[in-house]
Amino acid sequence: MPTRYSADQTLVREINLSLVMRDLLDNAPVSRAQIAQALGLNKSTVSSLVEDLMERRLVHETGINTVGTGRPATLLEINPMAGGIIGVAFGVDYLAAAVTDFRGTILWRKSIESDPCGTVETCLAQTLALVRQAIDFCRLQRLHLLGLGLAAPGTVDLDQGLLVFAPNLQWRDVPLKAFFQGQTGLPVYVENDANAAAVAEHLFGAARQSQNFIFVFAGVGIGGGLYLDGKLQRGNNGYAGEIGHAPIMMDAHKSACHCGNRGCWESYASQGALLRRLGGRIAERPDSLVRRLMAAQNSELSIPILHQAAEAGDSDALATLAEAGVAMGHGFAILINILNPEKIILGGPLSVLGDHLLPTIEATAIQHALPQSGSWVQITRSRFGTDASLMGAVSIVVDDILSHPTLVKRRPQNPKKQFKHPPTQSQFEPIKGEGSHV
């Protein structure tokens, strides 16, 4: 009996530590008294919890509140320098890695092109090289590492950290967690890219105050991250959110999808669909603006070329985006009717086209959704744009620590372990052309 009581007390304390962390994430800076009032805990319990979190360097004091009557109160917030997090996003033809602090501020990042037809082994070797560069950066800055997050474009077995199937890469059963944990010794987290991006929006982005929203990741494929009642929904086997493979066109002759079926939503509304439409329009028009841009930049037809042409008012580009907006809007209407979200967030590579896509998406979605649901939904663009899955990879690590703060060990206070100086601009490496690669 005492053993069970002890276990129950440990669980309760873990839950309360998590509640304090999430309250600070949403409301900081706040005092201990304000936390106690918000959570319905007594002040001595909150003081004990805060002391625990400070010993783990997850929380720090940030100032004194002298407003109002009574004794001035010490204010608290999440400690951004609690540790560093490495995030990796796998695209179809790119790889991106970043190091952030605990609040998601990017301190270092880099991306490289990868061959979508290359082997899994080659891609993993390239990724590991990026991760090792990130680790070296953290060592140089004496930044304690909290974990490595991986965002992958496909279905993921969370328990095993296994990429089960990535249709657009044709990868199956890739043991991402086992591989990177064995190579780095870090805690490794693996998640579907759209789910991960939804977590990023919920923690740091456009959905911080939303309990029911859908993140739509639009690039080479289309994926969805579903938050209902404030929780990420993964479904029975963890594979929920594969909205791009919803068969919105049932005729057998319709476009084939990489998943092997026909009529999937992403076959009509993804990056490839847009470029195929635009390519068809300019095939017999050697003098088109799109062709001139391609020649001037020595570039194949790409999303950046489409974006430039649309910004210049090119009729071919605008007509292509209008058709894509309708195709995406039909899918959004289905999501609205089934899930009744308060918000749908568009992210990923196609979000750079948001100024041209969103008006048509919204008009089409509202036209085809039930009035009771469609009139209330807000359709907006991701805060992170093309960085959505990269920030998602970071956020899945942050989210797990917020839920289980005792994963972070207590560390003695030693200022030498912090940054010796802030990173300089030369230490920042922008992601090159990511909008055209995802």
Item checked: All positions within the stretch 270-301 that are open to solvent by less than 80 Å² (accessible area, probe 1.4 Å), more than 23 Å from Gly224 (Cα to Cα) and touching a residue at least 24 places away in the same chain (Cβ under 8 Å) -> Arg277, Leu278, Arg281, Ile282, Ser288, Leu289, Val290, Leu301
Item checked: Criterion violated by Lys409 - all others in (1) of a type in the set (D, E, K, R); (2) over 23 Å from the mean Cα position of the chain (by Cα); (3) assigned to a helix (DSSP H, G or I) satisfied -> (3)
Next item on the list: Go through the stretch 263-322 and give me each residue that's of a type in the set (A, V, I, L, M) and outside any helix (DSSP H, G or I).
Entry: Ala283, Leu301, Ala312
Checklist line | Residues of the stretch 205-219 satisfying the condition of being out of contact with any Leu (no Cβ under 8 Å at 6 or more places or on another chain), surrounded by 24 or more Cβ atoms within 10 Å (Cβ to Cβ) and in a loop (DSSP other than H, G, I, E, B) | finding: Ala207
Notebook entry, point to check: If you scan the stretch 180-203, which residues turn out to be open to solvent by less than 20 Å² (accessible area, probe 1.4 Å) and of a type in the set (Phe, Trp, Tyr)?
Noted result: Phe180
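So, in the stretch 169-178, exactly how many residues are on the phi > 0 side of the Ramachandran plot, assigned to a loop (DSSP other than H, G, I, E, B) and at pLDDT 90 or above?
Kept after step one, since they are on the phi > 0 side of the Ramachandran plot, are these residues of the stretch 169-178: 170, 173.
Right, trim to assigned to a loop (DSSP other than H, G, I, E, B) and you get 170.
Restricting the remaining residues to those that are at pLDDT 90 or above gives none.
Final tally of qualifying residues: 0.
Taking the stretch 363-375 on its own, how many of its residues are open to solvent by 70 Å² or more (accessible area, probe 1.4 Å), of a type outside the set (S, T, N, Q) and either modelled with pLDDT of 95 or more or not in a helix (DSSP H, G or I) (or both)? Steps first, please.
Here is the first cut: in the stretch 363-375, the residues open to solvent by 70 Å² or more (accessible area, probe 1.4 Å) are 366-368, 370-372, 375.
Now drop any that are not of a type outside the set (S, T, N, Q), which leaves 366, 368, 370-371.
Filter again for either modelled with pLDDT of 95 or more or not in a helix (DSSP H, G or I) (or both), leaving 370.
Matching residues across the stretch 363-375 total 1.
Please work out if Arg410 is touching a residue at least 60 places away in the same chain (Cβ under 8 Å), surrounded by fewer than 20 Cβ atoms within 10 Å (Cβ to Cβ) and under 30 Å from Met54 (Cα atoms).
When the stated conditions are applied, Arg410 passes them.
Tell me yes or no: at least one residue of the stretch 106-129 is touching a His at 6+ places or on another chain (Cβ under 6 Å) and either in a loop (DSSP other than H, G, I, E, B) or under 24 Å from Pro153 (Cα atoms) (or both). Talk me through it step by step, then tell me what you get.
If we filter the stretch 106-129 for residues that are touching a His at 6+ places or on another chain (Cβ under 6 Å), which is where we start, we get none.
The answer is no; no qualifying residue exists.
Is it the case that the stretch 64-82 has a residue that's touching a residue at least 40 places away in the same chain (Cβ under 8 Å), of a type in the set (D, E, K, R), surrounded by fewer than 19 Cβ atoms within 10 Å (Cβ to Cβ) and in a strand (DSSP E or B)? So that I can check it myself, show each step before the final result.
Just the residues of the stretch 64-82 that are touching a residue at least 40 places away in the same chain (Cβ under 8 Å), to begin with: 73-78, 81-82.
Checking the rest, the ones that are also of a type in the set (D, E, K, R) come to 77.
From the residues that got through so far, the ones that are surrounded by fewer than 19 Cβ atoms within 10 Å (Cβ to Cβ) too are 77.
Now drop any that are not in a strand (DSSP E or B), which leaves 77.
The answer is yes, given that some residue of the stretch 64-82 is touching a residue at least 40 places away in the same chain (Cβ under 8 Å), of a type in the set (D, E, K, R), surrounded by fewer than 19 Cβ atoms within 10 Å (Cβ to Cβ) and in a strand (DSSP E or B).
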Margin query: Looking at (1) more than 23 Å from Leu25 (Cβ to Cβ); (2) modelled with pLDDT of 95 or more; (3) outside any strand (DSSP E or B), which one does Phe102 not meet, given that it meets all the others?
Written below: (1)
Margin query: For a quick check of your reading of the model, give me the residue pairs whose first member lies in the stretch 308-334 and is within 18 Å of Gly279 (Cα to Cα), whose second is surrounded by fewer than 23 Cβ atoms within 10 Å (Cβ to Cβ) and of a type in the set (D, E, K, R), with beta-carbon atoms closer than 8 Å and at least 6 apart or on different chains.
Written below: Ala309/Asp316; Asp316/Arg281; Asp316/Arg285; Ala319/Arg281; Thr320/Arg277; Thr320/Arg281; Glu323/Arg277; Ala324/Arg277
Check: What are the residues in the stretch 151-168 that are modelled with pLDDT of 90 or more and open to solvent by less than 10 Å² (accessible area, probe 1.4 Å), if any?
Finding: Ala151, Ala152, Val156, Gly161, Leu163
Next item on the list: Could you grab me the full set of residues in the stretch 302-321 that are buried (at least 17 other Cβ atoms within 10 Å of the Cβ) and of a type in the set (A, V, I, L, M)?
Entry: Ile303, Ile305, Leu306, Ala309, Ala310, Ala317, Leu321
Next item on the list: For residues that are open to solvent by less than 60 Å² (accessible area, probe 1.4 Å), part of a helix (DSSP H, G or I) and among the polar types (S, T, N, Q), tally how many sit in the stretch 10-43.
Entry: 2
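The values are calculated or read from the model by the stated rules, or taken from the named source; none is laboratory data. Please read these numbers as outputs of a predicted model, since none were measured by experiment. Note: ideal-geometry Cβ built from the backbone for every residue, glycine included; neighbour counts use all protein chains shown. All accessible areas refer to the heavy atoms of the entire protein, side chains included, with ligands and DNA or RNA removed. Shrake-Rupley method; radii C 1.70, N 1.55, O 1.52, S 1.80 Å.
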